[in-house]
Amino acid sequence: MGEMDVPFYRHSLKSSDADLVANVFASPILTSGAQCKAVEAQISEYFSVSHAKMVNSWTNGAVAALLALDIGPGDEVIVPAQTFIATSNVVELVGAKPVFVDVDPETLLLTPEYISSAITDKTKAVIPVHMYGQMCDIKSIRESLKGKNIAIIEDCAHTFEAKINNERPGKHSDFAIFSFYATKNVTCGEGGAIITNDENLYQKLIQTVLHGMSAGAADRFEKGQYRHWGMDRLGTKANLPDILAALLPPQISTIDARLKIREDLAKNYDQFFEDSPIKITKINQGIVHSRHLYPIWVNPKHRDQVLFKLGEAQIGSTVNYRAVPTLNFYKSNYGFKGGEFANSENWGDGTLSVPLFPGMSELEQNYVIETFEKTILPILGSD
Ligand SMILES: *Cc1c(COP(=O)(O)O)cnc(C)c1O
């Protein structure tokens, strides 16, 4: 062992990509300007939506989106118990209450049934998460909320390129929010984007991403003339600088080619894990999966030992994710005892993710699979 070192993730940016950033230095605007506008046009076209807004993270973007929806103290927002903490943290940050619901045990996705069990007259929004790259059925969720004044915010941090029944994110929701964090499928280190078809919400959003100001820096100095700005609502500071936005266009235009590579890698893993005591997630009909992460599930009593053995073999792995209501902050603030979200907790106690990234070589993947064969399966064999 130890003949190879396979990281959990290796980004694909090259030193030549610095030229993209250098071009921004030739312009007077380092913060949100022409580069952001160009990427917003590219993203609007990709998703066939009327508006896109670049943000400096999914998290800050989601806070701005919640503020644009006037969600705050006294309001409830339904979130899945099985997700990354950011999904519920943003609800806390605006002073509203995240109401956790369990997820489907096989897909780890929210469905209309799980959502409806938690709706009260305080429910203002729901944040379905397209876990690992498989989209929730947002159209059905929208239909199930018909006649109720409940907004849908899609958490697209795991997907840019996914589809359900040939539809991309953004079509049936109020906002869909992407992350361009360092390990996501499209990245500029830190960043994100929000798409919407709702003109009224978009007009609020462009204020809530920037303090609540009525005009951004580039617009305030349009045609060399200073123009006063106003402030009608409270905002945060979520705008993306052009320095980072410049890294995105080539990644977005080649995204489908990179998906193909991850699909092939995922298929190899599928073949191996399907014949083992290790569980993988179910993929529904009509899904194009963006293959952001490759999570597996082992009997929880062995999970930490599997993580340890992979570490010993120099293979990067991580846990996506322990169920959010089991973490101290939520446990103590909401008095969860454990057992309330059985599917999320069971998955969260046994899951770990194995390396999957576009630059992963066949040799590297074979080494991961061999390590499972030789070192991990014998641990699991007894049950
Ligand atoms: C990464 C991630 C986020 C947060 O994205 P940031 O851009 O880092 O704020 C939110 N939700 C999910 C499901 C994520 O994986």
Would you list the helices (runs of 4 or more DSSP H) that sit entirely within the range 41-151 and hold 1 or more residues that are closer than 30 Å to Leu240 by Cα, among the β-branched types (Val, Ile, Thr) and at pLDDT 95 or above? 58-68, 86-93, 138-144
Hey, Glu345 acidic (Asp, Glu) and surrounded by fewer than 21 Cβ atoms within 10 Å (Cβ to Cβ) or not: no
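Just to check your reading of the model, which residue among Leu377, Leu356, Leu363 is of a type in the set (A, V, I, L, M), at pLDDT 95 or above and in a loop (DSSP other than H, G, I, E, B)?
Unique residue meeting the criteria: Leu356.
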All positions within the range 152-169 that are in a loop (DSSP other than H, G, I, E, B) and under 14 Å from the mean Cα position of the chain (by Cα): Cys156, Ala157, His158, Thr159, Phe160, Glu161, Ala162, Pro169
Considering only residues of the range 146-165 that are farther than 28 Å from His11 by Cα and of a type in the set (S, T, N, Q), which is nearest to the ligand (Cβ to nearest atom)? Asn165
Is it the case that Ser173 is within 16 Å of the ligand (Cβ to nearest atom), over 14 Å from the mean Cα position of the chain (by Cα) and crowded, with 21+ Cβ neighbours inside 10 Å? yes
Name the single residue, out of those in the range 75-102 being under 20 Å from Trp347 (Cα atoms) and more than 12 Å from the ligand (Cβ to nearest atom), that is surrounded by the most Cβ atoms within 10 Å (Cβ to Cβ). Ala81
I'd like to verify a number: residues in the range 185-206 that are assigned to a loop (DSSP other than H, G, I, E, B), crowded, with 19+ Cβ neighbours inside 10 Å and at pLDDT 95 or above, how many? 5
Screening Ala215, Ala176, Ala193 for residues that are touching a residue at least 24 places away in the same chain (Cβ under 8 Å) and either out of contact with any Cys (no Cβ under 8 Å at 6 or more places or on another chain) or among the aromatic types (Phe, Trp, Tyr) (or both) leaves only Ala193
Does any residue in the range 78-89 that is aliphatic (A, V, I, L, M) come within less than 7 Å, Cβ to Cβ, of a residue that is more than 8 Å from the ligand (Cβ to nearest atom) and assigned to a helix (DSSP H, G or I) six or more places away or on a different chain, and which pairs are these? Ile78/Ile115; Val79/Ser88; Val79/Val91; Ala81/Val324; Ala81/Pro325; Ala81/Ser344; Ile85/Val324
Residue match in the range 323-337 (condition: under 30 Å from Glu370 (Cα atoms) and surrounded by 18 or more Cβ atoms within 10 Å (Cβ to Cβ)): yes
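The values are calculated or read from the model by the stated rules, or taken from the named source; none is laboratory data. Keep in mind the model is a prediction, meaning the values are calculated, not measured. Virtual Cβ from ideal backbone geometry, glycine too; neighbours counted across all protein chains shown.
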